[in-house]
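Nothing in this text is a laboratory measurement; each read-out follows from the coordinates by a stated rule. Predicted model only: the values in this text are computed from it and were never measured. Quick reminder, even Gly has a Cβ in these numbers, built from the backbone with ideal geometry, and neighbours come from all protein chains shown.
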Amino acid sequence: MKILYVAGRWDPRLQDEYSGNDFGAYNALKNQPESDVFLVGPFDFQFTLLERVLIKLYSFFSPKRLFKYSLQYPKKCAEIIKDAIVLFQPDIIFSKYSAPLVEVDFDLPLVYMCDSIVPFSKEIANEFAKASYRLMENWERRVISKADRVITFSQANANLIVSAYKTPEENVFVFPIPASVPENFLPDLEKSSKELSEPLHLLFVGKRPYLRGLDIAVELVKKLNSEGVRTNLRVVGMSGKNEDQIEFMGVYNKEQPEQLKEYFANFHWAHLLIHPSRFHSAGIVITEAASFGVPAITNDVGGLATTVLDNETGLVLKSGSTPTDYVAAIKSLIQDKSKYKRLSFNARRRFDSQLNWKVAGNTLYSIVKKTVNTNSEREKS
């Protein structure tokens, strides 16, 4: 089966995207013995001079970004993708990006994968101008209307794809977001179930302080210590000023083997992943934590209730939970250490059975293969 893999701005072959599902999906499809994958892209066309002037002018009036892509981006991508279709003669197209495919006309089946659609994230992320969101939503709607199958990583996003874009429910598939964790980094299964002890080791991973809730994480650590629970916090993914019990680990370059090893060493260290995100479509870091038997404490926003199974692989608090709520949740685990151990064991077991790219890749490939077969049968009838 010949698969045309359409990239976006990022190269799915790069190890620096190691934890991303673009890297995972590309390699999962490429490693299937019956597949022949042709990569087209990545596409990173620059803004035109006029667009740069407009962006500069807009910045004087608003902190938001005027454009995510050049208005010429879909057209330029389409020219290259059309040539790739002629050259490669694929059986199917796969992509997790809508912008490159907006202007491409094709009779081939399409499988489209996304973390979240624009209506799912725009109100909370609120990063771009309203006109830019309207444009991206229109592009996305057009591409999803072309797709034979849509894959996403949360039930919440799947429900919105059906309701907002009128996509047939039977064409939308959900599986929890997988992670690519090198097998040689993983602890043995019997050693991955952890014991909760003081000082508590809490881990926070993210690059966007407010959206990921860094302020909540810092405050809850201070409250725990003030209430006599010795607690240390590591903040991975950003730099900052270290304080008592709070250490900023910075950003790791996952293309460097030693830094990749150091990144995952943080999960060996941790008892709990604290993920008080104000919005997250799925939260791949939660899956990474699960691979080390580290339960996550998060809240019910975005698609996080699919990534964490409440009271099974972690704790899912109500959306908008305060530092006090997180402190109470952590204390409940201190008082019931057998529950913590069960969450730890279940998190790792779920990673092994569902959340790694070997298993998820087989699921993805089966969806792609079935789409090709269905299309072939339709053409014959």
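Please go through the residue pairs K122/K369; K76/K166; K207/K331; K318/K339; K96/K261; K64/K223 and name each one whose alpha carbons sit more than 30 Å apart in this structure.
Values: K122/K369 33 Å; K76/K166 28 Å; K207/K331 27 Å; K318/K339 20 Å; K96/K261 28 Å; K64/K223 34 Å.
K122/K369; K64/K223, as the Cα separations exceed 30 Å there.
Taking the Cα centre of the chain as the origin and placing charges on Cβ (Lys, Arg +1; Asp, Glu -1), which of V53, M136, A25 is farthest toward the positive end of the dipole?
V53
Measure nothing but the geometry: give the 0 to 90° angle between the long axis through the Cα atoms of 21-30 and the longest principal axis through the Cα atoms of the chain, rounded to 10°.
60 degrees
Can you tell me the dipole magnitude for the chain around its Cα centre, using point charges on the Cβ only (Lys, Arg +1; Asp, Glu -1), in Debye to the nearest 20? Please list the in-between numbers first.
Values: 48 positive and 45 negative charges, 129 e Å.
Value, rounded to 20: 620 debye.
Of L66, I216, N171, which is farthest towards the positive pole of the chain's charge dipole, taken about the Cα centre with +1 and -1 on the beta-carbons of Lys, Arg and Asp, Glu respectively?
Positive-end residue among those listed: L66.
Between the range 216-255 and the range 320-366, how far is it from one alpha carbon centroid to the other, in angstrom?
20 Å
If we count GluC sites (Glu not before Pro) as exposed when they sit in a DSSP loop and have at most 12 other beta carbons within 10 Å, what is the longest stretch of the chain that avoids them all? Don't skip to the end; give the middle numbers.
Numbers: sites that count: E34, E195, E227, E255.
Value returned for the longest uninterrupted segment is 35-194.
Using only Cα atoms, find the angle between the long axis of helix 214-226 and the longest principal axis of the chain, and express it within 0 to 90 degrees, rounded to the nearest 10.
The two axes meet at around 10 degrees.
Just to be sure I understand the curve: with the Debye formula and one point per C-alpha of the range 183-355, what is log10 I(q)/I(0) at q = 0.14 Å⁻¹?
Log10 of I(q)/I(0), two decimals: -0.67.
Using only Cα atoms and rounding to the nearest 10 degrees, what angle (0 to 90) does helix 257-269 make with the longest principal axis of the chain?
It is inclined by approximately 50 degrees.
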